[in-house]
Amino acid sequence: MTTEDFLEGQIILIDKPLNWTSFQAVNKMKWALITKMGLPKKFKIGHAGTLDPLATGLLLVCTGKFTKRITELQGQAKEYTGTFHIGATTPSYDLETEIDQTFPIEHINEALITETVKQFLGEIDQKPPIYSAIKKDGVRLYEHARAGETVEIATRKTTIHEFEITRIELPEVDFRVVCSKGTYIRSLAFDFGKAMNSGSHLTALRRTKIGDYNVTNGINVEVFEQSLAPQL
């Protein structure tokens, strides 16, 4: 692709690696486009939906005039796969923080898991994790959390279109979820454990689809960088 192609607008499917922030991925791409393709330093580039550092998978990166489509792309349904660890919780609802409580799992079986899934289908009320970037009183929630402050978090409506369990090997349970914008899979993990009179936290997460875009067509950030042909 040429410099003009990127300025006119592209949607680039990136398979974000583990332990990268979405910002780092976009920043690396931007720097590569500036240094290898000669794009101006102020050219527009952004992503359509943040992935946590501990999540992998599909990141839609828009360039040039296509950055105007970010809001539209963010609104599309998303598919995730991953793993819940049943019987323990963490303050962040994932592996960012250490286990703070453990719970019994002897009563949990396939029938209970299958029945519990039904409670989460359709429109649900969900409380975002305290370790999230949502702002409360002008401060991000995770900043309140790290300062040890207690904050009242309002629930919000979200929709789970599909929710299936793909593997049960307690304490691990694998899942696939198709959900609306704004759904926190970490909160789903926490609530799922609670609904079974136990606890749960997220130990693996991969975004596989956004609308019709599939991670199978995504490329690594480094591969993208290597694929750029310098403009002569």
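The values are calculated or read from the model by the stated rules, or taken from the named source; none is laboratory data. These figures come from a predicted structure and were not determined experimentally. Please note: Cβ atoms are built from the backbone with ideal geometry, for glycine as well, and neighbour counts cover all protein chains shown. Keep in mind that these areas ignore ligands, DNA and RNA; they rest on the heavy atoms of the full protein, side chains included. Shrake-Rupley method; radii C 1.70, N 1.55, O 1.52, S 1.80 Å.
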Q) Scanning segment 199-229 for residues that are β-branched (Val, Ile, Thr) and open to solvent by less than 40 Å² (accessible area, probe 1.4 Å), which turns out nearest to residue 99 (Cα to Cα)? A) 208
Q: Go through 178, 139 for me and flag whichever is at pLDDT 95 or above and either under 27 Å from residue 72 (Cβ atoms) or open to solvent by 20 Å² or more (accessible area, probe 1.4 Å) (or both).
A: 178
Q. Given the structure, is residue 111 out of contact with any helix residue (DSSP H, G or I) (no Cβ under 9 Å at 6 or more places or on another chain) and among the aliphatic types (A, V, I, L, M)?
A. yes
Q.
Against the condition of a type in the set (S, T, N, Q) and under 24 Å from residue 73 (Cα atoms), how does residue 197 come out, does it pass?
A. no
Q) What's the number of the condition residue 80 fails, among (1) touching a His at 6+ places or on another chain (Cβ under 8 Å); (2) at pLDDT 95 or above? A) (1)
Q. Among the candidates 208, 183, 203, which residue alone is among the polar types (S, T, N, Q), under 18 Å from residue 58 (Cβ atoms), touching a residue at least 12 places away in the same chain (Cβ under 8 Å) and in contact with a helix residue (DSSP H, G or I) (Cβ under 9 Å, 6 or more places away or on another chain)?
A. 208
(Q) Yes or no: segment 118-127 includes at least one residue that is modelled with pLDDT under 60, surrounded by fewer than 16 Cβ atoms within 10 Å (Cβ to Cβ) and not basic (Lys, Arg). (A) no
